[in-house]
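The values are calculated or read from the model by the stated rules, or taken from the named source; none is laboratory data. What you are looking at is a predicted structure, and each value in this text was computed from that prediction instead of being measured. Please note: Cβ atoms are built from the backbone with ideal geometry, for glycine as well, and neighbour counts cover all protein chains shown. We work out accessible area using only protein heavy atoms, side chains counted, and drop any ligands, DNA or RNA first. Shrake-Rupley method; radii C 1.70, N 1.55, O 1.52, S 1.80 Å.
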Amino acid sequence: MFTGTYTAIVTPFRDDQIDAQALERLIKEQIKAGVNGIVPVGTTGESPTLSYEEHIQVIELAVKFAAGRIQVLAGSGGNSTREAVYLTEHAEKVGADGSLQVAPYYNKPTQEGLFQHFYEVAQHTRLPIVLYSIPSRCGIEIGVQTIQRLVRYCKNIVGIKEAGGNPDRVSQLRAALGPNFAILSGDDALTLPFMALGAQGVISVASNVIPRPIAQMVRACNNGSPRAALKIHEKYYPLLKDLFIETNPVPVKAALAMMGQIEEEYRLPLVPMSAKNRQTLRATMRTCRMLK
């Protein structure tokens, strides 16, 4: 089962190409900080702007650089079922430990369409699958009954990244799916309340820049030390909010660039942060003692 801290790792670019050296440095820092795994080419990895070949390349590089020391939960979903199957088959081929499957976006399928989509993907892989429900981006929520049905028919669907911003969903999912189904927070600011209600970890954006504190916070929660976890949350809460001051992953890439870890480069339609928001983020990072 997937538990703990999984970093939704950025995809660093240099001159509009994947910066493999920067990605290797980032992954080494994640391993050193004690995270449980990384999620390449998810939302934070700018998957919509990567070609199929680049998408698979990033997963392959992530597997290579992780070298079995942490898990690689590959973002290999899509709004086309054929695309999701293709990317997932290749993620399995290059050695990923699991697949993160986002709800199909833009085309807004019914719950029956969601069931058929995820069922088809699950039939084409032996990888364990973590579903990804994020209504704010996809326009739809994966219903609890749909998830129940999927788990009944697909033994390799083992968890969900829950990013709907509603703690009550955690209680609903836990009641419906039992203790062995992995529930991971998809919102850094809600990790603690989600875990208090039965989630076992987080797929984190913030752990790109503060991997050790996020990993420590999640471990404290899972080890029955809520006060220690709350102390970390309170210290970094302003950062958890400001990393979403503009559309993810723009702020987190800007923060990594300020820290000298990557080039600040995006692909259109993403653009650099406004001067005002950059100033706000920099000030928060200084307050958190991430910058001098």
Note on the range 199-211: residues in a helix (DSSP H, G or I) and either small (G, A, S) or open to solvent by 40 Å² or more (accessible area, probe 1.4 Å) (or both) are A206, S207
For the range 223-231, state whether one or more residues are open to solvent by 60 Å² or more (accessible area, probe 1.4 Å), aliphatic (A, V, I, L, M), over 18 Å from the mean Cα position of the chain (by Cα) and under 17 Å from T5 (Cα atoms).
yes
Testing T287 on (1) of a type in the set (S, T, Y); (2) touching a residue at least 40 places away in the same chain (Cβ under 8 Å); (3) touching a Lys or Arg at 6+ places or on another chain (Cβ under 9 Å), one condition comes back false. Which one is that?
(3)
Considering only the range 151-168, how many residues are free of Cβ contacts under 8 Å to residues at least 60 places away in the same chain and either in contact with a Lys or Arg (Cβ under 7 Å, 6 or more places away or on another chain) or charged (D, E, K, R) (or both)?
5
Regarding the range 84-103, can at least one residue be identified that is open to solvent by 10 Å² or more (accessible area, probe 1.4 Å), modelled with pLDDT under 95 and part of a loop (DSSP other than H, G, I, E, B)?
no
Filter result for G201 (touching a helix residue (DSSP H, G or I) at 6+ places or on another chain (Cβ under 9 Å), at pLDDT below 95 and within 30 Å of R282 (Cβ to Cβ))
no
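Scan the range 164-177 for residues that are open to solvent by less than 20 Å² (accessible area, probe 1.4 Å) and either closer than 14 Å to L240 by Cβ or of a type outside the set (V, I, T) (or both) and report the count.
Result for the range 164-177: 2.
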Suppose we filter I214, I245 for residues that are within 22 Å of the chain's Cα centre (by Cα) and not in a helix (DSSP H, G or I); which single one remains?
I245
May I ask you to say which residue of G42, G34 is touching a residue at least 60 places away in the same chain (Cβ under 8 Å), touching a Lys or Arg at 6+ places or on another chain (Cβ under 9 Å) and on the phi > 0 side of the Ramachandran plot?
G34
Of the residues that sit in the range 1-33 and are open to solvent by 30 Å² or more (accessible area, probe 1.4 Å) and part of a loop (DSSP other than H, G, I, E, B), which one is nearest to S99 (Cα to Cα)?
M1
Scan of the range 57-81 for residues that are modelled with pLDDT of 95 or more, farther than 14 Å from T125 by Cβ and either in contact with a Lys or Arg (Cβ under 9 Å, 6 or more places away or on another chain) or open to solvent by 10 Å² or more (accessible area, probe 1.4 Å) (or both), ordered by number:
Q57, E60, L61, V63, K64, F65, A67, G68, R69, I70, Q71, S80
Does the range 232-260 hold any residues that are open to solvent by less than 50 Å² (accessible area, probe 1.4 Å), closer than 17 Å to L291 by Cβ and in contact (Cβ under 8 Å) with a residue 40 or more places away in the chain, and which are they?
Y236, L239, L240, D242, L243, V252, K253, A255, L256
Scan of the range 261-279 for residues that are open to solvent by 40 Å² or more (accessible area, probe 1.4 Å) and either of a type in the set (K, R) or closer than 21 Å to I214 by Cβ (or both), ordered by number
Q261, K276, R278
